[in-house]
1. Which percent of the accessible heavy-atom area of the range 446-524 goes to carbon and sulfur, probe 1.4 angstrom?
2. Beyond 19 Å, what share of the Cα-Cα pairs of the range 167-228 is found? Please give it as a whole percent.
3. Taking the mean number of other Cβ atoms within 10 Å as a proxy for protection, how do you rank 106-118, 248-260 from highest to lowest?
4. Roughly how far apart, in whole Å, are the Cα centres of the range 385-412 and the range 1-54?
5. Using amide H atoms built 1.01 Å from N in the peptide plane, name the residues 5+ places from VAL76, or on other chains, whose amide H lies under 5 Å from its own.
6. Determine the distance separating the Cα centre of the range 72-116 from the Cα centre of the range 483-510; give it in Å without decimals.
7. Could you tally the net charge around GLU381, taking each other residue with its Cβ under 12 Å from the Cβ of GLU381, Lys/Arg +1 and Asp/Glu -1?
8. So what's the net charge close to GLY73: Lys and Arg +1, Asp and Glu -1, counting the other residues with Cβ under 14 Å from its Cβ?
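The values are calculated or read from the model by the stated rules, or taken from the named source; none is laboratory data. None of the values given here were measured: they were computed from a predicted structure. Cβ sites come from the backbone with ideal geometry, for glycine too, and all protein chains shown count toward neighbours. The protein model used for the area step is the full one, side chains on, heavy atoms only, and it has no ligands, DNA or RNA in it. Shrake-Rupley method; radii C 1.70, N 1.55, O 1.52, S 1.80 Å.
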Amino acid sequence: MQVGVEMGCLPGGSTPVLLDLEELLATRLLVQGNSGSGKSHLLRRLLEQSAPWVQQLVIDPEGDFVSLAELFGHVVIDAADHTETGLQQIASRMRQHRVSVVLNLENQEIDRQMRSAGAFLNGAFDAPRDWWFPTLVVIDEAQMFAPAAAGDVSEEARKVSLGAMTNLMSRGRKRGLAGVIATQRLAKLAKNVAAEASNFLMGRTFLDIDMSRAADLLGMERRQAEMFRDLGRGNFVALGPALSRRPLKVQIGEVATHARATSPTLIPLPDKASVGDARDLIMTPGPDEPTRLLPIRRSPMSTSEVLTQLVKSAEAKAAHLAANPPTPIPPPHDPIEEYHHDVLAEAVPEDAPPPPETTAPQRTQGAFFDEVLKEVLADPEAAFRSPAVLYQDFLMRCRGHSVNGRALTLPSFRRRLSAVRAGIPLDSGNDPEWRKALAVAADLPDDLQAMFLLLARAALDETPCPSDEDIARARGSRSPRRARGLLTYMEERGLLLTSADVFGKRVITLPTLGWQTAPGDPNGGLMPSAEMQVVEEDEADDASETGDDEGEAVDDDAFSDDSLSDGEMSVDEEVPGQAAE
């Protein structure tokens with residue numbers, strides 16, 4: 001059904017200008033004009049003319065449209081009398097029963113107005129599908145509910161209101177909601193809300209930025225924007241599928257209802273002789289005058305006042321510190337001690353007396369964390385999980401013991417995990433030589449610390465060099481090839497030197513510490529005994545005489561790419577220090 005609503009006529013003539021109501025429901029309307037240009041008069045004309053044909057919802061921040069209830073039966077809802085949840089429920093029932101409503105927000109502060117309007121619009125928007133009847137949603141002073149920038153209101157209120165306005169203008173059409181928004185300035189209205197309108201009625205405006213935006217929306221040239229300054233009160237330029245395909249001047253027609261607040265007009269002053277004592281009239285409350293506390297609005301301080309207040313605050317703080325000197329700050333701890341405290345549990349001195357048999361031993365927090373960490377690493381697959389995953393398991397186990405596991409931060413957990421993966425005893429921190437290794441490891445990336453400590457432990461104890469498999473496991477990997485690549489990476493940066501003895505066993509030297517491991521088989525075997533060395537030497541001589549190169553073929557196969565298991569990554573694909581945990 002096509003319904004033409006008469007908005008007015010052409011200036012100076014009797015030709016009516018019609019608005020296609022059915023087209024408006026699908027394309028929405030934006031009204032713009034400075035204060036006094038006649039926006040509220042235009043909205044009232046639209047509401048009165050369309051009231052018999054479509055359900056209406058009016059968001060009224062100033063209480064100007066409550067007079068519609070007298071002639072057209074609109075239900076006036078005072079937002080101050082309802083909670084936000086109650087407003088949502090009322091909006092849903094409004095759509096169910098197709099009742100036209102005016103939401104009066106005049107008795108609320110701007111922050112509460114935005115929350116109430118957002119709650120009511122969301123309630124209408126979220127109504128069940130069976131209640132999606134056509135509804136004209138008219139919002140006066142739309143820049144209050146969809147501001148282009150944050151203002152003095154809370155961020156939460158702005159988000160609720162702006163989100164509801166965006167839903168109305170961008171997604172409301174399918175739910176039967178047709179937005180009609182009016183604003184004093186386009187520059188103050190959020191662009192994603194204004195951009196959804198296809199019909200425009202532009203009134204008088206004087207600022208260049210607003211005239212330029214209005215001209216752009218109407219498809220006019222910039223030089224034609226000057227016409228908006230010359231528009232009279234109640235005159236607008238119309239454009240859109242529901243109004244006109246070309247910009248058209250419209251003079252809005254008369255209305256049957258009127259706002260409670262009208263434009264100011266000059267009124268003669270009262271006769272001074274009849275006023276009596278003017279001072280008594282304004283200083284003495286009347287007998288029926290209600291007591292109301294008005295909010296105190298303080299004007300913002302000037303820059304000089306702010307600076308003066310800051311200087312006074314600083315002087316007061318200095319005087320307080322002079323009268324009450326702060327407690328001296330203790331000297332910083334030894335960095336090696338701090339690192340050792342993060343990596344290992346607090347070691348018990350050898351000369352400490354044993355606890356009494358009748359008293360249960362008390363555990364330190366560090367010792368407790370080490371016990372929980374051992375439980376986490378007891379899982380065979382734990383060696384190949386990332387520290388982040390292990391940390392979550394660690395926290396869950398601590399909660400099971402009613403202990404706050406977050407006292408051990410993730411970086412400290414990584415360092416402690418590196419030490420445990422390297423197989424370092426908990427009491428090794430008492431060795432002065434080992435403290436040197438801890439100091440060097442503290443400067444390395446987290447993903448190299450476990451490898452370095454494993455090699456340093458072997459070098460300090462002069463045990464065989466760990467195999468590629470052991471090094472990969474300390475790194476949290478199953479790939480021996482990755483371990484060899486990381487050793488090459490560390491050697492290129494001067495952290496270690498790799499060499500081989502006469503039997504092809506690997507020897508690693510740590511130049512910064514001056515330590516060296518014993519020869520070890522990189523493929524997993526340990527250094528054989530002296531007798532086995534003689535046997536292997538004889539076998540090697542026999543193999544060289546017969547030209548047997550079977551052992552070399554085995555070594556080549558061990559280092560081939562085929563030795564990588566499925567899903568393992570080449571070392572070239574990962575940079576130490578930046579590996580994804």
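1. After summing per-atom areas, the C and S share lands at 47 percent.
2. Everything past 19 Å amounts to 33 percent.
3. 106-118, 248-260
4. The two parts, judged by their Cα centres, are 66 Å apart.
5. Residues meeting the criterion, in which the H sits 1.01 Å from N, are VAL102.
6. 77
7. +1
8. That sum, taken over residues with Cβ under 14 Å, equals -1.
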